[in-house]
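K.L.:
Here it is, the structure in full.
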């Protein structure tokens, strides 16, 4: 029973950051810019956040809780800033969007690794490639957390999980209920219609890609806080691609994507707990770690045929074309 | 200024050609004959400029740094050498790493020309290297049997993996980027598990080294008094580049590959079997990646670090893009990128910049290469505008 409860707790702690990254992917793709760069965005966002957290805990007397929130905000900004590079390549320079995504990922890994060792050398005198983070505090909801099994949902919650839920709601509202969201979806489905209705396709897309980077950055920061307890190149574990896969099952819609991400989280944590339950040596965790990836492939086999990506995704907007 | 009448356009545009430095520059970029050479060169110059600025910001002399990259790769003489090694040894060490890079770039190019992004090169390299290591590398077969067998295993495993991805794409419409990435991680974890539980060397924490007879690099060969490691891979790689160039340019199959790559629907309409074509080109792409894998893991490193995908799988994309996705271009591009990657440790020891800067330079190069098409288009637009203006003056 204990195993199932920790599966739920850990699964949510992984699934929700994954969801916010997938949400980032949705925002970019719905606006018509193919986004394989989620991996790079989340890493860069986490890098900026972790950098700020390290500096703040070194130079200021702020508590670790405030630092956590500031780091997440910094991750949002850092991710958005880095994403503007992808936006620039895809929208201004008409580069191939898949290539641009790959380029952004490669550059992200290289840049953050290089900068981390430079900054560490500058701050601490040793060029290590990681920023150690304070572990985040966790809390439990009284009463609700006492329910057997399902109470695990309310136990040992990371503060960012609540934040992600709030953001998820807000961005759902932004996408489906506001003028900006309408423009965003239009520029992904039929950019010429948006143009003739007086919208600005390029600006809408640019903003969406930046938002996408910001959201992915938050996801990366949360993973750095929960899974790794540090920022290091090991943040590039491929979770950004996992988020893209989740987005594809979710058919580019926010609510289904949410459930897919939670499912991924539970599957991953479940595999890990299964390994513990069967009392296998820690070597075997390597095998169980493949579960989310294999699941992704298997599910894609069933769902890819029916998927409907935004119609204009991947095509640079050309005013003169009809 | 070019002499009148002898334009670089090869006479495509008639009449008076616009003059001046900017026009000349633009014309060089759009030129049919030299465009595929000048655009990458322009990207390289931009990269050198930007990384030069970066080095200046770090307080280093960019020229000294760039020169030490060359020194580290055996293209220029170092200040001092150890006993029995010299510039030639460095150069062969450079070839040793250049070979898998070129093969991996060719793998990407073949997929790319048929419109498929093979991001799974790292995984295909790892699995073929791993299987060749455990099947042949740990056996005591003589070299004359072992080496061809290693190559065959590399090609076979890579082709199977690639074909699998192509099939998933064709049959189930799974985007190859997502599927290859997933397969990459699965391979990395599974091989990591096997290495850690069976083949690990307790001291180095990586897999046991494979036998000398199966290794694709001849170590400690004496050439002109220097001890060198001569890689078989470089010969295979250059040969592969020529063959790929021939297939793409001169055969029906290659034509169909390019047709599918440029416009899938048009190819379908004109009777090309698109599905078969996709699976086949992914297989060839995987085959080349498998060759890259064995020449990397059984030539260059001779051991496998568990759970680590080599960064070459991604760097090769940079190489391919820089070489304008032409096999011959890739030969030059892989030399350039390998100079940065391979010379990084020497540069780091002499100039004192972290060696990761090599990856940053590669990344920046990739960034500019991705904009290559845009540079060209800008130049075209500029020329058109100039021509229109001149036409207007005449009228």
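K.L.:
Got a sec? Which of B:181, B:186, B:109, B:121 is under 30 Å from residue B:213 (Cβ atoms), in contact with a helix residue (DSSP H, G or I) (Cβ under 6 Å, 6 or more places away or on another chain) and within 14 Å of another protein chain (Cβ to nearest Cβ)?
P.N.:
That would be B:121, the only listed residue that is under 30 Å from residue B:213 (Cβ atoms), in contact with a helix residue (DSSP H, G or I) (Cβ under 6 Å, 6 or more places away or on another chain) and within 14 Å of another protein chain (Cβ to nearest Cβ).
K.L.:
Restricting attention to helices (runs of 4 or more DSSP H) lying wholly within segment A:209-305, give those where 2 or more residues are facing another protein chain (nearest Cβ under 10 Å).
P.N.:
Result: A:239-249, A:285-288, A:291-303.
For every residue, the table says whether it meets (1) more than 17 Å from residue A:129 (Cα to Cα); (2) in contact with a strand residue (DSSP E or B) (Cβ under 7 Å, 6 or more places away or on another chain); (3) surrounded by fewer than 19 Cβ atoms within 10 Å (Cβ to Cβ).
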| position | (1), (2), (3) |
| --- | --- |
| A:203 | yes, no, yes |
| A:208 | yes, no, no |
| A:215 | yes, no, no |
| A:221 | no, no, no |
| A:230 | no, yes, yes |
| A:233 | no, no, yes |
| A:236 | no, no, no |
| A:239 | yes, no, no |
| A:247 | yes, no, no |
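K.L.:
Does residue B:162 satisfy being farther than 26 Å from residue B:201 by Cα and crowded, with 24+ Cβ neighbours inside 10 Å?
P.N.:
Yes: the conditions hold for residue B:162.
K.L.:
Looking only at residues that are surrounded by fewer than 16 Cβ atoms within 10 Å (Cβ to Cβ) and more than 22 Å from the chain's Cα centre (by Cα) in segment B:31-48, which one is nearest to the other protein chains (Cβ to nearest Cβ)?
P.N.:
B:32
The rows are residues; the columns are (1) on the phi < 0 side of the Ramachandran plot; (2) buried (at least 18 other Cβ atoms within 10 Å of the Cβ).
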{"position": "A:24", "(1), (2)": "yes, yes"}
{"position": "A:32", "(1), (2)": "no, yes"}
{"position": "A:40", "(1), (2)": "yes, yes"}
{"position": "A:73", "(1), (2)": "yes, no"}
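K.L.:
For segment B:174-211, what are the residues that are assigned to a loop (DSSP other than H, G, I, E, B) and within 27 Å of the chain's Cα centre (by Cα)?
P.N.:
B:174, B:175, B:206, B:209, B:210
K.L.:
Scanning for something assigned by TED's automatic domain parsing to the domain that holds residue B:93, in a helix (DSSP H, G or I), modelled with pLDDT of 90 or more and buried (at least 24 other Cβ atoms within 10 Å of the Cβ), does segment B:345-354 turn up at least one residue?
P.N.:
No: segment B:345-354 contains no residue that is assigned by TED's automatic domain parsing to the domain that holds residue B:93, in a helix (DSSP H, G or I), modelled with pLDDT of 90 or more and buried (at least 24 other Cβ atoms within 10 Å of the Cβ).
K.L.:
Return the total of residues in segment A:107-139 being free of Cβ contacts under 8 Å to residues at least 24 places away in the same chain and either assigned to a strand (DSSP E or B) or facing chain B (nearest Cβ under 8 Å) (or both).
P.N.:
Residues flagged as free of Cβ contacts under 8 Å to residues at least 24 places away in the same chain and either assigned to a strand (DSSP E or B) or facing chain B (nearest Cβ under 8 Å) (or both) within segment A:107-139 amount to 7.
K.L.:
Additional query: So which residues in segment A:92-106 are facing chain B (nearest Cβ under 7 Å) and part of a helix (DSSP H, G or I)?
P.N.:
A:98, A:99, A:100, A:102, A:103, A:106
K.L.:
Checking residue B:314 against (1) part of a helix (DSSP H, G or I); (2) within 14 Å of chain A (Cβ to nearest Cβ); (3) touching a strand residue (DSSP E or B) at 6+ places or on another chain (Cβ under 9 Å), only one condition comes out false. Which one?
P.N.:
(3)
K.L.:
Mind checking which residues of segment A:180-199 are touching a residue at least 12 places away in the same chain (Cβ under 8 Å) and in a loop (DSSP other than H, G, I, E, B)?
P.N.:
Listed by number, the residues that qualify are A:190, A:199.
K.L.:
For segment B:355-384, give me each residue that is more than 10 Å from chain A (Cβ to nearest Cβ), under 13 Å from residue B:39 (Cα atoms) and buried (at least 18 other Cβ atoms within 10 Å of the Cβ).
P.N.:
The answer is B:376, B:379.
K.L.:
Still on this structure, please answer the following. Of all the helices (runs of 4 or more DSSP H) wholly in segment B:1-100, which have at least 3 residues that are farther than 27 Å from residue B:323 by Cα, at pLDDT 90 or above and in contact with a helix residue (DSSP H, G or I) (Cβ under 7 Å, 6 or more places away or on another chain)?
P.N.:
Helices (runs of 4 or more DSSP H) meeting the threshold: none at all.
K.L.:
Count, please, the residues in segment B:54-74 that happen to be within 14 Å of another protein chain (Cβ to nearest Cβ) and exposed (fewer than 13 other Cβ atoms within 10 Å of the Cβ).
P.N.:
2
The values are calculated or read from the model by the stated rules, or taken from the named source; none is laboratory data. Here the structure is a predicted model, which means the values were calculated and not measured. Every residue, glycine as well, gets a Cβ built from its backbone with ideal geometry; the counts of neighbours run over all protein chains shown.
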